[in-house]
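Read-outs: derived from the displayed coordinates by stated rules, not from any lab. Bear in mind the structure is a predicted one, so any value in this text is a computation, not a measurement. Note that each Cβ is placed from the backbone with ideal geometry, even for glycine, and that neighbours are counted across all protein chains shown.
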Amino acid sequence: MKKLTTLMVTFSLLVMLTWLWPSNAATRSSESLPGPVMKAHIIDMGQANATLLEFPCGAVLIDAGAQDEVKVDELVRFLNEFFARRLDLNRTLKSIIPSPLPLSPRRGEGLG
């Protein structure tokens, strides 16, 4: 099950990378990333990390689950600072990819 989840997340990321890759006609502000590059921002969420993938033409947030309200506030502060620098993105993420919920030993009992 873990291999399948990893494969699905990897495939999703590859699709996103293809979709987000800038064309020659992509417009960029002076604050956007130069050329076809990606920058990964690792954000401590307490129980694990979230990752913000920054591209010249967009951004994707992966696994934004937080352990408590303090970490949620830190994530919001981080995103506000990020979007203050990247005005060309209009405070918009291309996608948010959550990590899958872990299944209990009883195959998801109590998940609904």
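Could you tell me which of rounded, prolate or oblate describes the range 42-100, using a ≥ b ≥ c as the square roots of the eigenvalues of the alpha-carbon gyration tensor, with rounded for a/c under 1.5 and, failing that, prolate when a/b is larger than b/c and oblate otherwise? Please report the intermediate quantities before stating the final value.
Numbers: a/c = 2.51, a/b = 1.51, b/c = 1.66.
Here the range 42-100 falls in the oblate category.
In nm, to one decimal, how far is the modelled label at T92 from the one at N49, with both set 7 Å along Cα→Cβ?
Reported label-point gap for T92 and N49 is 2.9 nm.
At R0 = 22 Å, how high is the FRET efficiency between K39 and R77 if r is their beta carbon distance? Nearest 0.05 is fine. Show your work: numbers first, answer last.
On the way: r = 19 Å, r/R0 = 0.84.
After rounding to 0.05, the efficiency reads 0.75.
In the neighborhood of A59, defined by Cβ-to-Cβ distances under 9 Å, what is the net charge if each Lys or Arg adds +1 and each Asp or Glu adds -1?
Values: positive: R86, K94; negative: E54.
Around A59, the charge tally is +1.
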